[in-house]
1. Hey, what do the phi angles of segment 51-60 turn into as Karplus ³J(HN,Hα) couplings, whole Hz, using 6.51/-1.76/1.60 and θ = phi - 60°, x for Gly and Pro?
2. Which order do peptides 188-198, 350-360 fall in by mean Cβ count within 10 Å, highest first?
3. Principal axis lengths of segment 292-335 from Cα atoms, whole Å, largest first?
4. From largest to smallest, what semi-axes in whole angstrom does segment 99-154 give when each is the square root of 5 times an eigenvalue of its alpha carbon gyration tensor?
5. With the cut-off at 1.5 for a/c, could you classify segment 236-370 from its C-alpha gyration tensor as rounded, prolate or oblate?
6. Rg to Rh for segment 39-197: what is it, with Cα atoms only and Rh by Kirkwood?
7. Would you please give the residues with an amide H less than 5 Å from that of TYR316, counting only those at least 5 places away or on a separate chain, with H modeled from the backbone geometry?
8. If we sort 95-101, 244-250 on the protection proxy, mean other Cβ atoms within 10 Å, highest first, what's the order?
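Each reported figure results from applying straightforward, stated rules to the coordinates on display, with no laboratory input. Fair warning: this is a prediction, and the values are worked out from it, not measured in the lab. Cβ sites come from the backbone with ideal geometry, for glycine too, and all protein chains shown count toward neighbours.
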Amino acid sequence: MVTSTSGPFAVFGNAAITGAELAIEDLESEFDVDIELSTDDSQLEPGTALERARALVTEGNVDFLTGAVSSSVALRLSGWATDNEVTYFPTGSHSDALTGGECGKYVFRPSASNSMLANSISDGMVEAADEWFLMYSDYTWGQTASTAVKNALEDAGKTVVGREAVPFPSDDYAQYVNRAEASGAPAIGVLIAGLDLRKASNQIIASGLEDRTLAMHQLEDFVFWGMDKDAASILDVAGQVWGPATDGGEEFKERVAEQGEMDPYVRHLLGYISVDQGVRAALRAESTAAPDMREALEGHEVSSPIVDMKGGGEMYWRAGDHQLVQPTYTVTSRPTDEMRDDPYKSWFSVENEFAGDDVARPVEDTGCSL
């Protein structure tokens, strides 16, 4: 059987594509199949992503889609995939809407939702401070993250003294950092996406606010690798899907590092998971038709190598909303003298691990009506 998958619409270099390529190597060896990987670039624009995804399916004859680092892009592709019966794995999108009110019949999210990450860090935030100021990227990812974190804090009796929606992308976070300082809150939640998180962190340091408690609901190690170690050491608590510090997957991390392009981080694993689970579902179904793959995925308990890569916790595709229920983590910055660069960068340490069922919203609370 020949299975083709569309390329991850990857940003941050070729992380998701590298993960997909490693998955293909393993799957071809395990099952003696030929798998073709086609790639394109969404340019973080929903319209561009839709145009290129449509071409990959209608002209490139791919069997299923994976990718989109932007939640806005993923939501556009999700609607199109559902309408056109195409299986789609939104690799890097965390917006609650994707497994909530805008969930799709043939859309399966391999990453954790914003609520899962917010619930993971809530205990650490509650213990750290009574009052919080939240800054969040003003699009669906940041909006749902802000709501999830605010609800978690207020449910624990804490106070959110202010919330500030910031344009995304942006080069200047100074005015929002100034408002965080003026609020007097001893703790700041920085719910800002991608490389903009690096810009915001640098401006927090420039403003002298690094002594405040800083929390981020979604850590991607790559963001901080572009800073020096002293700057990267400001993080107090963050949620994470996976990273170099998590137990398990050492062989996978070393294989990624050997590619020579980038140290391993979460998008490598998400690229691997998407292709691994898509191909295995097609093989179980003996079909690449979206309804058949849906039947093979819904309720499926994962038993592939990705379980060990994630540290061994239970992983399954929840039938009610197509969320991959999986372990999540909280991490903190290591002291600078303990930040490791060899054989790959590992600047953070895991504080706690959470079972997916303990942090995922109940299906009836998601708004998804599959």
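1. 4, 6, 5, 4, 5, 4, 7, 7, 9, x
2. Going from most to least packed, we get 188-198, 350-360.
3. Its Cα atoms span 49, 21, 13 Å along the three principal axes.
4. Value: 25, 13, 8 Å, ordered largest first.
5. oblate
6. Computed over Cα atoms, the ratio is 1.05.
7. VAL302, VAL325
8. 95-101, 244-250
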